[in-house]
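Each remark here refers to the structure printed beneath this line.
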Amino acid sequence: MPQPTEPVVVRHFRHILLWPLQLMPAADGRQVLRHWERLGDTDSPWVPVEDEFGAADGLRPRHYGEFVTFLPAVQRFLYGEGRGDDASVRVFRRGDVARVRLGLKQGAAPIELTVAHIDLYFFHDIDVVILTAEVFADDLDLAVVQEILFRFGRSYPASWDEDGSGSHCPASVEWLDAAGMVLTQADYTDRSRYLDFVGQERAAAISADWEYLLAPLVHHAGKRAGALRFRQLEYDRMPVMSFLAVDDPGRLSRGDFVRLALATRSGPSDRLPFSATSLRRFEHEFCYDRYWNTGDPEVANTRLLCSGHAFVMVGEVGRRFVTDSESGLLAQFRHQYFLVGLIAHFHKAALLMFGDRLGGAVSRLDIRDADSVKAFKRTIRTTFETFLRFTHRCWFHEVSIQAPAKALFGLWRGHLGTDPLYDTLRREVQDMAQYLDSDGLRRQANTVVRLTVVTTFGLIATVTTGFLGMNLLAAADDPLPERVVWFLLAFAGTTLLTLYTLMISKRLSDMLEMLSDERLPLRLKLAVFARAWKFGFSRPAKEVSGVKGREL
């Protein structure tokens, strides 16, 4: 009888959650582009994170390696120039959360993960914020790590099991302070709260623990007051990044790698979680194997996995190349690769935000309401300008020339589908901008037509009254009061006639067009001229032509 193999132990496990959210405009309708400034309006636990470039003890090697990984345009986006005051990324951190206690399944012993930091990433000029939480632990079974990837980081339960627990969610989540006191805990089992919220607000509620961690940010659909309001951009699962250092990466089976890359639930190592047919291109589509099974004992056996939703790095714990916290893969995972993933998910979140903004503008448009039309035009123009700035400041097809970072960014973008999403959104923005331009030209043309009509009829009066310098009323020598009265009467009459001509300028324009049509007989032209000056006359061409449906 074959003996069961020993479970694979993850000697060091590092896990990062990334949760992109859309920030809502201010209640007064202003376009707030520096959202982080509003954190100071409340008693917030978030404090700004100063960059390491001006640190008293000097720049650490891992931060230098992080900086030089990226192309200059990306460096300016992430760090700014000079002292970084113009950087597009602003980071805030809360330091009151020390650990998180997870009960992954009902009846299973809880495990504790140490919290490295919890951050908020704001982006200048873009209504997007990304919450990140980095946790770590040592000596965990591979099956436990797989369950963490699958269950931890659910913003709300997608459904409930028969026992009332949230499907695919941890049985319990408790966030602890340094003294071990519970600060907040998840409420996935409170089914009535989630059902009532969707029924009343037409939006999914957020688990209580994530609401606590985001405060003072509040859900846009809830009744809680807050200066910063957010809405979800995607579904209940947060994107994840994980680093696994094991004794021998070669012991992981193909099924283990599939579960890690696709962040599925744990299972037997000798079985695949999905059909072999669906996974026949798994290595090609999800694996970066530059350092995998090279046969060179000097090269660490390392495999990188990316599915868009999950990024996983598996390396050998005994190698300094893997576990060194300054220059090894662990340092690169926490710095270079983290920022590569942050940019990739920021790109998708920003595009989804732009799409949501355009969709909301169109849904609120009522062409019968002048104020609605004006608000629509303002929103489209503002969105178009912001999208242009995003394209030239924040949109990158490549972030690095270094082979691993370059390849992984391309793999990430491919799985997230940001390129087709960007092309679709760019066409929509351009179509709406062209509509506004054509509408403006149409209005200008109509104005020119009306002014031309008024000028044409004013020319008749001007030529008539100015013929040979003729004055119908010789009032030049009359007393001043009489001349003022004559002036006011002439001014009032001219103004009323001009305004009336302007009011009926559309039909006068039609009349002039028909009078210039040589195909019409003189009788019809005279009828058109007579009817054009009557109130309520509309579209004389059809009324006087006598031919049904004919456009003259």
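The values are calculated or read from the model by the stated rules, or taken from the named source; none is laboratory data. Note that this is a predicted model, so its numbers are computed, not measured. FYI the Cβ positions are ideal-geometry reconstructions off the backbone, even for glycines, and counts take in every protein chain you see.
The table below lists the values:
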{"item": "Residues of region 395-404 that turn out to be among the hydrophobic types (A, V, I, L, M, F, W, C) and either without any contact (Cβ under 8 Å) to a residue 60 or more places away in the chain or crowded, with 21+ Cβ neighbours inside 10 Å (or both), as a count", "result": "2"}
{"item": "Every residue from region 234-265 that is outside any helix (DSSP H, G or I), at negative phi and in contact with a strand residue (DSSP E or B) (Cβ under 6 Å, 6 or more places away or on another chain)", "result": "D236, M238, P239, V240, M241, S242, F243, L244, A245, V246"}
{"item": "Residue, farthest from L330 (Cα to Cα), within region 271-316, restricted to residues that are buried (at least 20 other Cβ atoms within 10 Å of the Cβ) and aliphatic (A, V, I, L, M)", "result": "A310"}
{"item": "From the options G360, G410, residue that is closer than 25 Å to L304 by Cα and either of a type in the set (D, E, K, R) or out of contact with any helix residue (DSSP H, G or I) (no Cβ under 7 Å at 6 or more places or on another chain) (or both)", "result": "G410"}
{"item": "Close pairs from region 405-423: first closer than 28 Å to A331 by Cα, partner part of a helix (DSSP H, G or I) and basic (K, R), Cβ under 7 Å, at least 6 apart", "result": "L416/K348; T418/K348"}
{"item": "Matching entry among A205, A186 (being hydrophobic (A, V, I, L, M, F, W, C), buried (at least 19 other Cβ atoms within 10 Å of the Cβ) and closer than 19 Å to A108 by Cβ)", "result": "A186"}
{"item": "Sole residue being over 30 Å from L176 (Cα atoms) and in contact (Cβ under 8 Å) with a residue 40 or more places away in the chain, chosen from R290, R259", "result": "R290"}
{"item": "Test: T114 is at pLDDT 95 or above, hydroxyl-bearing (S, T, Y) and under 29 Å from the mean Cα position of the chain (by Cα)", "result": "no"}
{"item": "2 or more residues surrounded by fewer than 16 Cβ atoms within 10 Å (Cβ to Cβ): qualifying strands (runs of 3 or more DSSP E) within region 91-170", "result": "111-123, 128-141"}
{"item": "Residues of region 89-110 satisfying the condition of being among the β-branched types (V, I, T) and without any contact (Cβ under 8 Å) to a residue 40 or more places away in the chain", "result": "V89"}
{"item": "Any hit, region 239-262, residues being under 23 Å from S165 (Cα atoms), among the hydroxyl-bearing types (S, T, Y) and out of contact with any Gly (no Cβ under 8 Å at 6 or more places or on another chain)", "result": "no"}
{"item": "Test: residue in region 266-284 that is assigned to a helix (DSSP H, G or I), in contact with a strand residue (DSSP E or B) (Cβ under 9 Å, 6 or more places away or on another chain) and either within 23 Å of W412 (Cα to Cα) or of a type in the set (F, W, Y) (or both)", "result": "no"}
